[in-house]
Every structure is written in C-alpha cells, then in structure tokens.
1. Residues that are modelled with pLDDT of 80 or more, in contact with a Pro (Cβ under 8 Å, 6 or more places away or on another chain) and part of a helix (DSSP H, G or I): does the stretch 108-118 have at least one?
2. Of the residues TYR33, TYR42, which single one is hydroxyl-bearing (Ser, Thr, Tyr), under 18 Å from the mean Cα position of the chain (by Cα) and modelled with pLDDT of 80 or more?
3. Does LEU96 meet the test of being in contact with a Phe, Trp or Tyr (Cβ under 7 Å, 6 or more places away or on another chain), at pLDDT 75 or above and surrounded by 14 or more Cβ atoms within 10 Å (Cβ to Cβ)?
4. Kindly provide the set of residues from the stretch 56-84 that are modelled with pLDDT of 80 or more and surrounded by 12 or more Cβ atoms within 10 Å (Cβ to Cβ), ordered by number.
5. What is the one condition in (1) part of a helix (DSSP H, G or I); (2) in contact with a helix residue (DSSP H, G or I) (Cβ under 9 Å, 6 or more places away or on another chain); (3) loosely packed, with under 13 Cβ neighbours inside 10 Å that SER50 does not satisfy?
Amino acid sequence: MSNPSVKTAPPQQPAWIILTTLLCSWALLLLLYHPSINTLWYQWTFDHTSYSHGPIILGIVLYLLYDRREQIADSVRAEQLNPAPLIVRMLTATLLAGASLSWAIVYLMDVQDLQWLLLPILMTLVITQLY
C-alpha cells in the first residue's frame, strides 16, 4: 500500500522538447511579424545612418542565451513543477492579444518605429505564455 503523505513530482519534459517548443515559438513569431523584422533588419544592415548596432546587440543576446542555457533549462524545469496560476496565464494571454492587435493596427498605419517597439513586448509575452 502506498503512503498518501508522500508526494511525487510530476514528470519533467526532456530538454529537447523544451528547446523544440522554444524554437517553434520563435519561428512562429518570425513568420507572423516578418514585415517588421524585415524592415528592422534592413535598417540595421543597409541604412548606416542609424540603428547600425542592432546585429551586435543580437549577437550578444544570442551568446548570453547560449552561455546560460543550463540556468535557463533549470528555471524552465522548476516552472514546470510550480506552474503559474491560471489568473497569470489569462492576464498574459489578454496582454498578448492586445499587443498583437496594437501591432496589426500600427502595421496598417505603416508606423515602423512603433512596430519595432512592439516586437520585444510580443516576444516576451509569447515566451511567458508558453511557460
């Protein structure tokens, strides 16, 4: 007979599932918001009057993510053991819907600077919603 006071931890997902989910979410973001990302990349690489530091910052961020990949994986696994409350997930989903709608409106208005400002917010909300 099992002891009812002993709690077992839920099974953890393998690292490759976490990485695949993360990569798929980034691919979906790139696909959905490609007009803004294309113009931002053009601004970074071909228009040398401003914003030319973008690829350097992107490279630094990618290096830091790679350097801290074990810490990130550990925090994701810890989050799986203690998932966010439903109210937090609902709030994040609402904010994501609002930010996506804002991006669509700004895109239709052709205001590129606001599109670029909304990209990091959208990416953060998507990652937050996933975990």
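The values are calculated or read from the model by the stated rules, or taken from the named source; none is laboratory data. Keep in mind that what you see is a predicted model, and the values were worked out from it rather than measured. Glycine also receives a Cβ, built like all others from the backbone with ideal geometry; neighbour counts cover every protein chain displayed.
1. Of all residues in the stretch 108-118, those modelled with pLDDT of 80 or more come to 108-118.
Still in the running and in contact with a Pro (Cβ under 8 Å, 6 or more places away or on another chain): 115.
Filter again for part of a helix (DSSP H, G or I), leaving 115.
Yes, the stretch 108-118 contains at least one residue that is modelled with pLDDT of 80 or more, in contact with a Pro (Cβ under 8 Å, 6 or more places away or on another chain) and part of a helix (DSSP H, G or I).
2. Details: TYR42 fails: under 18 Å from the mean Cα position of the chain (by Cα).
Selected residue: TYR33, the only one of TYR33, TYR42 that is hydroxyl-bearing (Ser, Thr, Tyr), under 18 Å from the mean Cα position of the chain (by Cα) and modelled with pLDDT of 80 or more.
3. On the way: in contact with a Phe, Trp or Tyr (Cβ under 7 Å, 6 or more places away or on another chain): no; at pLDDT 75 or above: yes; surrounded by 14 or more Cβ atoms within 10 Å (Cβ to Cβ): yes.
No: the conditions fail for LEU96.
4. Residues satisfying the conditions are LEU58, ARG68, ARG69.
5. Failing condition for SER50: (1).
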